[in-house]
1. Every residue in the range 73-106 that is out of contact with any helix residue (DSSP H, G or I) (no Cβ under 8 Å at 6 or more places or on another chain) and modelled with pLDDT of 90 or more, please.
2. Out of the residues in the range 53-68 that are among the acidic types (Asp, Glu) and assigned to a loop (DSSP other than H, G, I, E, B), state the one that is surrounded by the fewest Cβ atoms within 10 Å (Cβ to Cβ).
3. With Val46, Val50, Val30, Val71 as the choices, which residue is surrounded by 14 or more Cβ atoms within 10 Å (Cβ to Cβ), touching an Asp or Glu at 6+ places or on another chain (Cβ under 8 Å) and not small (Gly, Ala, Ser)?
Amino acid sequence: MRAHGSEGRGLSSGAMDILLRLSTAEGGGVSIGELAQSAGVSSRNVTGLVDTLERDGLVRRVPDRRDRRSVLAQITAEGRAASAARSSPPATLPDIWPGWRRSWGW
């Protein structure tokens, strides 16, 4: 877990896992307890990860309409864009350099 957010350093694997889980969640968000259970970690761990993601603008906490005592983690538009960018396959050499075969004499 990072104490000061992840700006400029990328996301930790734990934070990315939470972000990807939220990107596929249906409805208005997911409780910290549900995220912890599905990720196989403690609620305390997920709370810290959500804190970091929220600080970075990738996740927000919203009230749970079913239980006023609880909050849900919900992915933001910026978080959805970040998860899509990180979950897409990396570019291949022909994608980034179309003329590579000619340059290498192939």
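The values are calculated or read from the model by the stated rules, or taken from the named source; none is laboratory data. Treat the numbers as computed from the prediction; the structure is a model and nothing was measured. Please note: Cβ atoms are built from the backbone with ideal geometry, for glycine as well, and neighbour counts cover all protein chains shown.
1. Correct list: Thr76, Ala77, Glu78, Ala81.
2. Residue satisfying both the conditions and the ranking: Asp67.
3. Val71
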